[in-house]
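Take a look at the structure set out below.
The values are calculated or read from the model by the stated rules, or taken from the named source; none is laboratory data. If you're wondering where the values come from, they're calculated on a predicted model, not measured in any experiment. Cβ placement follows ideal geometry from the backbone for every residue including glycine, while neighbour counts extend to all protein chains displayed.
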Amino acid sequence: MSSTSTQRMFGALLVRRMPGASRPTLNLERADQGLFLLWLAFMGLLGFAALLLWQAGAWHRLVEADPTRLTLVIVLLFLGSSGWAGHRAWVLGRQRAALDQAPHGEGSWCGAFLRGTAPPGADRAAWLQVLGERAHGAHEMAWWLNGIQLKLGLLGKVIGFSILALNLGQMESFDPSQSAQLLKSLTGGLGIALLTTVTGLTGNILLGLQLMRLDRFADALVADALALSLAADAAPQGTPDGDRPTGP
């Protein structure tokens, strides 16, 4: 599944509408490991919010209200994907530093691109495809996992409403003395549907925000490397005798 198709999901689409989410790299991100530091600040904010929810007992009630444990799976998937996003932010930050400090240096993606396109007649399109794959290729799986969070939330919604329908189907007659037990069984299925859907949407939006910034940073990295390559081709070639052509 391509990045374009996965970004059409609800959470990712909402992220793209957020102010500044789709902007090119910010000034803070262009600082030394600025993207990684921004990711750390974002995760610190989420950690503080999670701590407040823990003190309020929300996590305990969330686990108790969902016997399917789909909400726990979504949370673990979000944490694992966010950890990978932090590692990816560090890797992209190192590549940005290599491009800014030594554009043609060894061991960097952009350096290999600039050296490959330097010879006359080099296939820039092929090298650009290689650079784009190195910068964006690893993000495809992360976007797929981001969509899985939303699908797990919808799966919990289906399970919850299925439990609700089964409980309604087992009702042969309404007994006022059993109304409390009946309401408890009905609200159990409804609670599963709502909690898993909310958890899946929240994880989808928060992880989509991280991946969107990674994509924009990688886009700027590729664009700057291409600009350096084009600038090198457009540089005037000097002649040994002033403006006189070198022909016969």
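See the values below:
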read-out	value
Sole residue being more than 22 Å from A234 (Cβ to Cβ), touching a Leu at 6+ places or on another chain (Cβ under 7 Å) and small (G, A, S), chosen from A138, A89, A98	A89
Residue identified as of a type outside the set (V, I, T), more than 26 Å from G200 (Cβ to Cβ) and not in a helix (DSSP H, G or I) among P119, P67	P119
All positions within the stretch 82-109 that are of a type in the set (A, V, I, L, M, F, W, C) and under 26 Å from the mean Cα position of the chain (by Cα)	W84, A85, A89, W90, V91, L92, A97, A98, L99, W109
Selected residue (criterion: nearest to F161 (Cα to Cα)) from residues of the stretch 48-85 that are among the small types (G, A, S) and touching a Leu at 6+ places or on another chain (Cβ under 7 Å)	A65
Test: residue in the stretch 63-83 that is of a type in the set (F, W, Y), surrounded by 14 or more Cβ atoms within 10 Å (Cβ to Cβ) and under 30 Å from I159 (Cα atoms)	yes
Residue in the stretch 158-166 that is assigned to a helix (DSSP H, G or I) and at pLDDT 90 or above present	no
Unmet criterion (only one of (1) more than 13 Å from Q210 (Cβ to Cβ); (2) surrounded by 11 or more Cβ atoms within 10 Å (Cβ to Cβ); (3) of a type outside the set (G, A, S); (4) at pLDDT 95 or above) for Q95	(4)
Those residues of the stretch 31-64 which are in a loop (DSSP other than H, G, I, E, B) and more than 24 Å from A193 (Cβ to Cβ), in sequence order	A31, D32, Q33
Residue among A112, A142 that is part of a helix (DSSP H, G or I), more than 19 Å from the chain's Cα centre (by Cα) and under 30 Å from S82 (Cβ atoms)	A112
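Residues checked against (1) in contact with a helix residue (DSSP H, G or I) (Cβ under 9 Å, 6 or more places away or on another chain); (2) at pLDDT below 95; (3) over 30 Å from M43 (Cβ atoms):
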residue: G111; (1), (2), (3): yes, yes, yes
residue: G121; (1), (2), (3): no, yes, yes
residue: A138; (1), (2), (3): yes, yes, no
residue: D175; (1), (2), (3): yes, yes, yes
residue: K184; (1), (2), (3): no, yes, yes
residue: G189; (1), (2), (3): yes, yes, yes
residue: L209; (1), (2), (3): yes, yes, no
